[in-house]
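Here is the structure we will look at.
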Amino acid sequence: MTDMQTTDLNRVLVLGGQGVLGRMIAEAFAAAGVTALRAGRRPDSGADFRHVDLDEPETVEKALGEADLIVTTVPDERLIAERLVLERGGLLVNVSALPASAAGRLRRAPGPPQGTVLMNAGIAPGLTNLIAADLLAKQPAADEVELVFTTSAKGSHGPAGAAFAHRTLTETSRHHTTVVSLPEPFGRRRCLAFAESDGGWLGAEADGKTVSTYACISERRVNSAMLAFNSAGIIGRLPRSVFAGGASAAPTSEQVAHWVAVRRGGALLAARTLRCRGDYRAAAAATVLFARSLAARGGAGPAGVLVPEELVTIGELRPALAKAGIVVVDERPSAASADAPLVSAEQDG
């Protein structure tokens with residue numbers, strides 16, 4: 001991959017730039033020396049603002065010509081911006097964690113693609129995809145990928161984040177649970193499966209393997225409450241408002257320790273944690289790195305739809321991630337984590 005600093009990325013436009021994550025992404029690009037324009041549909045007097053309404057495709061089309069690359073945090077199921085880039089040309093990075101099926105729908109779009117769209121970028125999914133792909137390459141006998149995404153009820157979130165949590169946790173009335181020994185301050189925790197239909201947002205490397213995705217909420221009382229709702233079979237009936245309370249619109253520095261492991265027959269083969277402070281802050285930093293990787297790729301690969309592990313490896317990003325305060329740690333399996341059952345009915349926090 002080309003040096004991360006020597007790309008033709010000079011100007012980006014952030015769709016959803018009026019939201020919490022979009023604002024942080026724009027600020028991260030600006031800090032990296034890239035001109036960042038924020039786009040949204042609400043009135044905004046900022047000099048860096050552009051009016052873009054996905055219900056008015058002509059505003060999207062106009063915006064595409066103003067930047068080298070588009071970043072979108074908007075979970076638009078219609079994929080309007082993504083389809084326009086594929087049809088007209090350009091580069092787009094999607095960090096909205098849409099259902100995994102969205103990439104497949106884009107790949108089935110008629111006609112040869114003129115532009116390139118990177119789906120599922122960010123930290124989780126995004127960097128977790130790269131770690132999973134690397135572990136599977138090193139452990140070809142693995143038959144399962146296990147991911148645990150840690151989150152904080154008090155971390156940076158906006159309406160889109162609440163909608164994501166609501167969609168992925170209420171799609172069924174009862175989820176599986178598992179026990180994982182996470183690094184401090186989490187410790188040994190019971191975690192709740194979520195987003196089962198998304199398969200961890202992983203690409204072809206995980207084909208034919210079981211993918212188990214879990215959430216661990218750092219606040220033990222909130223985590224225990226979700227486990228209790230799950231045990232009672234009512235988690236699927238929770239309103240979206242439950243997932244919006246307590247969140248911050250400002251940058252936060254909560255501990256993050258996303259767990260990625262590979263197993264065979266339930267036995268733990270290898271595991272890594274992705275550690276940083278501030279989930280949205282780290283997602284913004286990762287977005288800049290993914291965008292630079294996509295811009296550096298240039299014409300080296302065909303246009304079309306990519307997922308993170310088709311663009312870059314975790315080894316290539318590791319030095320730049322470390323500079324951003326995001327580290328990947330090889331975990332030494334403990335007896336507890338190695339023997340923990342995949343599914344358990346116990347409901348401690």
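Using the Cα gyration tensor of the stretch 168-278, with a ≥ b ≥ c the square roots of its eigenvalues, what is the shape: rounded (a/c below 1.5), prolate (a/b larger than b/c) or oblate (neither)?
oblate
What percent does the relative contact order of the stretch 1-105 come to when contacts are Cα pairs within less than 8 Å and at least six residues apart?
Details: 160 pairs, mean separation 26.3, N = 105.
Computed value for the stretch 1-105: 25 percent relative contact order.
For the stretch 16-60, what's the relative contact order in percent, using C-alpha pairs closer than 8 Å and at least 6 residues apart?
28 percent
Ranked from highest to lowest mean number of other Cβ atoms within 10 Å per residue, what is the order of the peptides 226-236, 18-28, 319-329?
In descending order of packing, they fall as 18-28, 226-236, 319-329.
Compute the acute angle (0 to 90°) between the alpha-carbon long axis of helix 314-323 and the principal axis of greatest extent of the alpha-carbon atoms of the chain; round to the nearest 10°.
80 degrees
Given a Förster radius of 25 Å and the C-beta distance between SER197 and ARG11 as r, what FRET efficiency does 1/(1 + (r/R0)^6) yield to the nearest 0.05?
The pair SER197/ARG11 has a calculated efficiency of 0.10.
Assuming R0 = 41 Å, can you tell me the calculated FRET efficiency for the pair LYS154 and HIS51, based on Cβ-Cβ distance, to the nearest 0.05?
0.80
Return the carbon/sulfur percentage of the accessible area of the chain, one whole number, probe 1.4 Å, all protein chains in place.
53 percent
Once the piece of chain linking ASP143 and GLU58 is laid out straight, how much longer is it, given 0.36 nm per residue of separation minus the C-alpha distance between them?
25.9 nm
Once the whole set of protein chains is in place, how much accessible area is left on HIS176, using a 1.4 Å probe, in Å² to the nearest 10?
110 Å²
Which residue, ALA300, ALA250, ALA286, tops the fluctuation ranking in a GNM of the chain built on C-alpha contacts under 10 Å?
Largest GNM mean-square fluctuation: ALA300.
What nm value, rounded to one decimal, do you get for the distance between ARG108 and ARG42 when each label is placed 7 Å out toward the C-beta?
3.6 nm
Considering amide H positions built from the backbone, and no H for Pro or chain starts, which residues 5 or more places from ARG188, or on another chain, come under 5 Å of its amide H?
Distant-sequence amide H within range of ARG188: LEU182.
Counting Lys and Arg as +1 and Asp and Glu as -1, each charge on the Cβ, what is the dipole of the stretch 1-143 about the Cα centre in debye, to the nearest 20?
Dipole about the Cα centre, nearest 20: 200 debye.
How large is the accessible surface per residue of the chain, computed with a 1.4 Å probe and reported in Å² as a whole number?
That works out to 42 Å² for each residue.
Can you list the aspartates and glutamates whose alpha carbon sits under 20 Å from that of LYS138, skipping same-chain ones fewer than 8 residues off?
Excluding near neighbours in sequence, the set is GLU146, GLU205, ASP207, GLU309, GLU310, GLU316, ASP330, GLU331.
On each of the three principal axes of the Cα atoms of the chain, give max minus min coordinate, whole Å, ordered largest first.
Taking the Cα atoms of the chain, the three principal extents are 54, 42, 39 Å.
Would you mind checking the tilt of helix 220-231 against the longest principal axis of the Cα atoms of the chain, expressed as 0 to 90 degrees and rounded to 10?
80 degrees
Defining a contact as two alpha carbons under 8 Å apart and six or more residues distant in sequence, what relative contact order in percent does the chain show? Could you put the intermediate results ahead of the total?
On the way: 741 pairs, mean separation 79.0, N = 349.
So the answer I get is 23 percent.
What is the extension gain from THR35 to GLU184, computed as 0.36 nm multiplied by their sequence separation minus the C-alpha to C-alpha distance, in nm to one decimal? Walk me through the numbers before you get to the answer.
On the way: separation 149, 0.36 × 149 = 53.64 nm, distance 3.77 nm.
Result: 49.9 nm gained on full extension.
Could you work out the helix-only [θ] at 222 nm for the chain, with each DSSP H run of four or more residues adding -39,500 (n - 2.57) and the total divided by the number of residues, to the nearest 500 deg cm²/dmol?
-9000 deg cm²/dmol
How big is the charge dipole of the stretch 96-161 about its Cα centre, in debye rounded to the nearest 20, if each Lys and Arg gets +1 on its Cβ and each Asp and Glu gets -1 on its Cβ?
340 debye
Give me, ordered by chain and number, the residues 5 or more places off ARG264 or on other chains with an amide H under 5 Å from its own placed amide H.
Answer set, sorted by chain and number: ASP143, LEU269.
Under 5 Å between amide H atoms, partner at least 5 residues away or on a different chain: which partners does ALA244 have, H built in plane at 1.01 Å?
Hits under the 5 Å cutoff: none.
The values are calculated or read from the model by the stated rules, or taken from the named source; none is laboratory data. Treat the numbers as computed from the prediction; the structure is a model and nothing was measured. Glycine gets a Cβ as well: all are built from the backbone with ideal geometry, and neighbour counts include every protein chain shown. Remember, those area values only see protein heavy atoms, side chains included, never the ligands or the DNA or RNA. Shrake-Rupley method; radii C 1.70, N 1.55, O 1.52, S 1.80 Å.
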